[in-house]
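The values are calculated or read from the model by the stated rules, or taken from the named source; none is laboratory data. Note that the structure is predicted; figures quoted are calculated from it, not measured. Please note: Cβ atoms are built from the backbone with ideal geometry, for glycine as well, and neighbour counts cover all protein chains shown.
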């Protein structure tokens, strides 16, 4: 079991560019979550999918962030027109199901916007 | 909006000592509390979870929960330098989905 896989591990973009982050959940897990972590804001929920369907995106900044899960083996988080305040570690997690199941976190993607 | 508060922000204990960390939620509908540990440069890994009143022990780690006060605590006995990390408390509410709401964390340092 390789755990949750995230690529790339590090990404540097210029202000205004687009960034796409990838996540491969643990095989057999039906719930996939995206969080981001900064020193100032801590660890914040962004969005999650259950059986590939978007369930809750209440943490997503509405205008520039979008997430998809086209199949059960990967999810993407896309940030358009990146801004310096988007710099953070973006963490993907998966769990067997939702509600009371442990969430396993991937290693994260460190996004730096110059 | 649900908030999770952790205290203290930082804690230093000697090797072999007891570390006690606290966490309180403002959401009366919380179903589960989770304790995650995050070593520097790594991702969070779950230590323990609790959903019913009382106490749960796993090795050197003990978690308490008081649902009436929405307060949970994590106690680490015989602390080791390898326990030095950021400890994150999270809460989830099944009616609001499975997302975790995290507190700001307690940074534990165990001095040899």
Practice task
Considering only residues that are touching a residue at least 60 places away in the same chain (Cβ under 8 Å) and touching a strand residue (DSSP E or B) at 6+ places or on another chain (Cβ under 9 Å), look in the stretch A:60-82 and name the one that is nearest to residue A:95 (Cα to Cα).
Solution key: A:78
Practice task
With respect to residue A:39, determine if the residue is within 11 Å of chain B (Cβ to nearest Cβ) and either on the phi > 0 side of the Ramachandran plot or in contact (Cβ under 8 Å) with a residue 40 or more places away in the chain (or both).
Solution key: no
Handout entry: Filter pass, residue A:85 being surrounded by fewer than 19 Cβ atoms within 10 Å (Cβ to Cβ), within 15 Å of the chain's Cα centre (by Cα) and more than 14 Å from chain B (Cβ to nearest Cβ)
Key = no
Problem - strands (runs of 3 or more DSSP E) wholly inside the stretch B:1-72 that include at least 3 residues being more than 14 Å from chain A (Cβ to nearest Cβ) and touching a residue at least 40 places away in the same chain (Cβ under 8 Å) - result: B:10-14, B:19-25
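For residue B:81, indicate whether it is touching a helix residue (DSSP H, G or I) at 6+ places or on another chain (Cβ under 6 Å), over 18 Å from residue A:92 (Cα atoms) and more than 14 Å from chain A (Cβ to nearest Cβ). Spell out the reasoning first.
Numbers: touching a helix residue (DSSP H, G or I) at 6+ places or on another chain (Cβ under 6 Å): no; over 18 Å from residue A:92 (Cα atoms): yes; more than 14 Å from chain A (Cβ to nearest Cβ): yes.
Taking the combined requirement at face value, the residue does not satisfy it.
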Practice task
Could you identify the single residue in B:28, B:60 that is at pLDDT 95 or above and surrounded by fewer than 19 Cβ atoms within 10 Å (Cβ to Cβ)?
Solution key: B:60
Fill in the blank from the handout: Among B:41, B:97, B:104, the single one that is out of contact with any helix residue (DSSP H, G or I) (no Cβ under 7 Å at 6 or more places or on another chain), surrounded by 15 or more Cβ atoms within 10 Å (Cβ to Cβ) and farther than 23 Å from residue A:30 by Cβ is B:104
Exercise for the section: Being under 13 Å from residue B:12 (Cβ atoms) and over 10 Å from the mean Cα position of the chain (by Cα) is the filter; apply it to the stretch B:86-112 and report the residue that is nearest to the other protein chains (Cβ to nearest Cβ). Expected result: B:107
Practice task
Scan the stretch A:89-106 and give yes if some residue there is more than 18 Å from residue B:36 (Cβ to Cβ), more than 14 Å from chain B (Cβ to nearest Cβ), touching a residue at least 12 places away in the same chain (Cβ under 8 Å) and surrounded by fewer than 16 Cβ atoms within 10 Å (Cβ to Cβ), otherwise no.
Solution key: no
Exercise for the section: Could you please let me know if residue B:82 is assigned to a strand (DSSP E or B) and closer than 20 Å to residue B:110 by Cα? Expected result: no
Problem - Subset of the stretch A:66-82 (residues that are surrounded by fewer than 20 Cβ atoms within 10 Å (Cβ to Cβ) and over 23 Å from residue A:3 (Cα atoms)) - result: A:66, A:80, A:81
Fill in the blank from the handout: Reported set for the stretch B:74-83 where residues are in contact with a strand residue (DSSP E or B) (Cβ under 9 Å, 6 or more places away or on another chain) and surrounded by fewer than 19 Cβ atoms within 10 Å (Cβ to Cβ) is B:75, B:77, B:80, B:81, B:82
